[in-house]
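Scroll down for the structure; my scribbles are underneath it.
Bear in mind that the values in this text are calculations on the coordinates, not laboratory data. Model, not experiment: these values are computed from the prediction. Don't worry about glycine lacking a Cβ; one is built from the backbone with ideal geometry, like all the others, and counts go over all protein chains shown.
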Amino acid sequence: MKKRTVCCILFLCFSLFVFSQKRTDTASVLQKEVSLEEVVVSASNFNEKKKNIAQKIDVISAKTIAAANAQNTGDLLSGTGKIFVQKSQQGGSSPVLRGFEASRVLLVIDGVRMNNAIYRSGHLQNLITTDQNMLSRVEVMYGPSSTVYGSDALGGTIQLITKAPVLSGNKKLFVAGAAFTRYSSVNSEKSIHADMSLGGKKIAWLQSYSFSSFGDMKMGDQDRKGYPGFGRRNKYIEQVNGVDTILNNADGRVQKFSGYNQWDITQKILYKQNDKISHLLNFQLSNTNDVPRYDRLQDTFTTGANKGLLRYAAWYYGPQKRILGAYEFNAKVSGFIQDLKVNINYQDIEESRQQREYKRYDRFDSRVEKVKVWGASATGRKIMGNSEITMGLDAQLNDVKSRATRTNLNTGAVLKLDTRYPDGKNTMNNFGVFIQHIHKFKNNKLVLNDGIRFQAVTLKSNIIDNSFFNLPDTVIKQNYTVVTGNIGLVFFPHKHTTIRTSISSGFRAPNIDDLSKIFESSSSARQVVVPNANIKPEYTYNIDLSLNQRLFKKLSLELTGFYTIFRNGLVKAPYRLNGEDSIIYNGVLSQVLASQNSNAAYLYGFTAGLNTDYFHGFNFSSTLSYSYGRFKTDASQASSVYEKQPGGKYLLVKRNVSSKPLDHNPPLISRTVISYIHKRFSTELSFMYNGWKYLDEYNADGEDNAQYATADGTPSWYTLNWKGSFNVSKSLQVQLGVENILDRNYRAFASGFSAGGRNFLMSVRANW
């Protein structure tokens, strides 16, 4: 750990101690609600008290979500100070849990898996397709959670639960609704939202609409010392009289071509057949316009006559669409199973990549992916005295279609292009069965959690046109059978003390993206990734130990430590295609890479939190999170590492090392909040901090994006933020805020997009 990081930890720990001695007040709404022991979670698909769950879980409530007033779900999560979020563009958010990101973190919305066959190992933007305005709560489960949720839950699971229709309970019609509008100055955000719920005695209906327009994001003006102008967008490409022209940016702080629009629709219908049976229909639509891939718009040519010039005249994701339709059946039944939940769902997802190089009017490339996912699950629960048994089975069928074209803008001619995934039929099927058990011992001092899952996975890709690469196999397929489990204890030695420990395993079966993708991995290094059928599932084995201690009635302390072993981790590594280590791709000789299982890796880390509320209305809270991860390497092979030179500069070298940094692993992060609530008025002052990520802590062969950092890595940064609200009446609220008050210029680790500078925001909310 670097000296500055150690100093930061010591300073923050000292601060926490000082505040506790002075009996200063605690917790923002978020921290306070997360710490409540009687919070109910759906850790096993049924409601369960949080205090009985051995796994670490954070809960973000509806009240907290409204108070956060975030622009999207990614910003909501990063605002907790516990979850790191990476961004490659404004229209993207990729959460990281304990050093795992993207396809290694499971996203679940209303009990439906969002992870699909083309979830990649890099950075994702799928999280923003969830409308944060419709969330009733978010549950974040840290560590492997494959027993209940299956594949992909290596670092944890983020469960997004949307608002539900409300029955009246009598003959009178229940009517409720909410609406708000918000403006943010830093990107000229304009958002509107409205939802309405009507409920009778047996039937309830819920409808919502959201729309947001985001302009170009403006970064902060106050540069970190030693890094003047970091991230400035000094030049950009625009067509002038039909000709690509490199123009000077009038204000380098404005990240040109980073804005986009998004709209979301949610509709639910609840039918209560009787006191024991209910039916729920759930429909969700999320759509965007074109979303610029901002990090790629900064890339430059590395060779040829255009060396040093901006490479792309256009690089954007086409409209990103997610459609979800689900039917949920809930019943109280007699017999062995007392509670039964059945979910049948369908998802239709479309994403595309559109790109054109500078002055290449003959090559506008379009690659479109469509994924159809059919899912079904059935879960039953039996309560027998102090024991609770949950059993379930689930299945998910993925169908992927990939097409690609190259258009000559001069002539209008359209040619077939190599597809990102095989151009034939691509399927991925998951089938699983699990059992989860909770036993509360009679002394009320101990709770046992244990469970096991069996899962089968099949994949198959068919290549119809093999003329582009002459791959050795035109049919790529795999079959996996996986067993995972967990065991944990919750111990209550004292009414104010809770100790949790758990051992759990998780897995991630390679998907179509791992198995058979072909794409340009690095425009600067000229690398191309090709299929490899000889890969195995990834596994994690984790141990957690946590302490929750309440002191002096209104002071609470939470400490959690973890250690994770990561086996068969998939990495992009040099590969030979038809005996060749390089091929011509996009007219350039490029190094061949492929997904391959690496040697074992390990991670460890901790989270700490302090909450106090000694004085009525005043709250103080602080959280601190840190993780460290390393891949064990083969000593017989040279690895790419960043090595600090005597002059202080970093150099990318190849040398034999026993280990190298695990990618996706964020630096130390923390959040400290002081808040005050009094009748109609509330105010909150928060301090956000991210530690240094020096270049020698980057994974040179992974997704850490050193090209978008400084010559030393990602500098540490902090922001000071204020938010306040005033209840004009019971149904009308005004929210104001200033984010990044000091106008700091910073960029989160692994991001190719700079965060916003000083932001003035205002929203008006109405409820009835």
Positive-pole candidate from Gln338, Asn426, Leu662, dipole of the chain, charges at beta carbon: Gln338
Restrict the search to the range 479-548; then list the trypsin sites (Lys or Arg not before Pro) that DSSP places in a loop and that have at most 10 other Cβ atoms within 10 Å of their Cβ. Lys495
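Go through 732-740, 585-593 and give me the packing order, highest mean Cβ count within 10 Å leading. Intermediate results must be reported in sequence, preceding the final value.
Numbers: 732-740: 18.0, 585-593: 16.4.
Answer by packing, highest mean first, reads 732-740, 585-593.
With the contact rule set at Cα under 8 Å and sequence spacing of 6 or more, what percent relative contact order holds for the range 23-767? Numbers along the way, then the final one.
Values: 2190 pairs, mean separation 93.7, N = 745.
Relative contact order comes out at 13 percent.
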Specify the inter-centroid distance of the range 497-519 and the range 384-427, based on alpha-carbon positions, in whole Å. 20
Using a cut-off of 10 Å between beta-carbons, work out the net charge of the residues near Ser210 (Lys and Arg +1, Asp and Glu -1, Ser210 not included). -3
Give the angle, between 0 and 90 degrees and rounded to the nearest 10, that separates the Cα long axis of helix 3-21 from the longest principal axis of the Cα atoms of the chain. 20
Lys and Arg at +1, Asp and Glu at -1: neighbours of Ala326 with Cβ under 15 Å from its Cβ sum to +2
Charges at C-beta only: +1 for Lys and Arg, -1 for Asp and Glu. How large is the resulting dipole of the range 23-767 about its Cα centre, in Debye rounded to 20? 1480
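Which shape class applies to the range 473-598: rounded if a/c is under 1.5, otherwise prolate when a/b exceeds b/c and oblate if not, where a ≥ b ≥ c are the square roots of the Cα gyration tensor eigenvalues? Let's see the in-between values first.
On the way: a/c = 4.96, a/b = 2.59, b/c = 1.92.
It comes out prolate by the Cα gyration axes.
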Taking Cα pairs under 8 Å and at least six residues apart, what relative contact order does the range 454-502 come out at, in percent? 34
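Please work out whether the range 640-740 counts as rounded, prolate or oblate from its C-alpha gyration tensor, where a ≥ b ≥ c are the square roots of the eigenvalues and a/c under 1.5 means rounded, while otherwise a/b larger than b/c means prolate and anything else oblate?
On the way: a/c = 4.16, a/b = 3.62, b/c = 1.15.
Prolate.
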If you compute Rg/Rh (Cα atoms, Kirkwood Rh) for the structure shown, which of (i) 1.11; (ii) 0.95; (iii) 1.04 do you land on? (ii)
Just report the Cα centroid separation between the range 36-113 and the range 663-729, whole Å. 16
Between the range 173-233 and the range 295-311, the Cα center-to-center distance that results, in Å: 34
Would you tally the net charge around Asp223, using a Cβ to Cβ cut-off of less than 13 Å, leaving Asp223 out, and scoring K and R as +1, D and E as -1? +4
Using helices alone, I'd like the mean residue ellipticity at 222 nm for the chain: each DSSP H run of four-plus residues gives -39500 (n - 2.57), total over residue count, nearest 500. -1500 deg cm²/dmol
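Which value, in debye to the nearest 20, gives the size of the charge dipole of the range 513-663 about its Cα centre, when Lys and Arg are +1 and Asp and Glu are -1 at the Cβ?
The dipole of the range 513-663 has a size of about 380 debye.
Would you mind ranking Ile60, Ile128, Ile203 by Cβ crowding within 10 Å, fewest neighbours first?
Taking fewest neighbouring Cβ atoms as first place, the list is Ile203, Ile60, Ile128.
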Among Lys235/Lys370; Lys225/Lys693; Lys56/Lys440; Lys218/Lys307, the pairs whose Cα-Cα distance exceeds 26 Å are Lys235/Lys370; Lys218/Lys307
Fraction of antiparallel bridges per DSSP, the range 23-767 only, in percent to nearest 5: 95
Reachable aspartates and glutamates, given that their alpha-carbon falls under 19 Å from the alpha-carbon of Lys332 and they are not under 8 places away in the same chain: Glu48, Asp275, Glu388
Excluding residues fewer than 8 places away in the same chain, name every one of the lysines whose C-alpha is closer than 22 Å to that of Lys442. Lys49, Lys50, Lys51, Lys382, Lys495
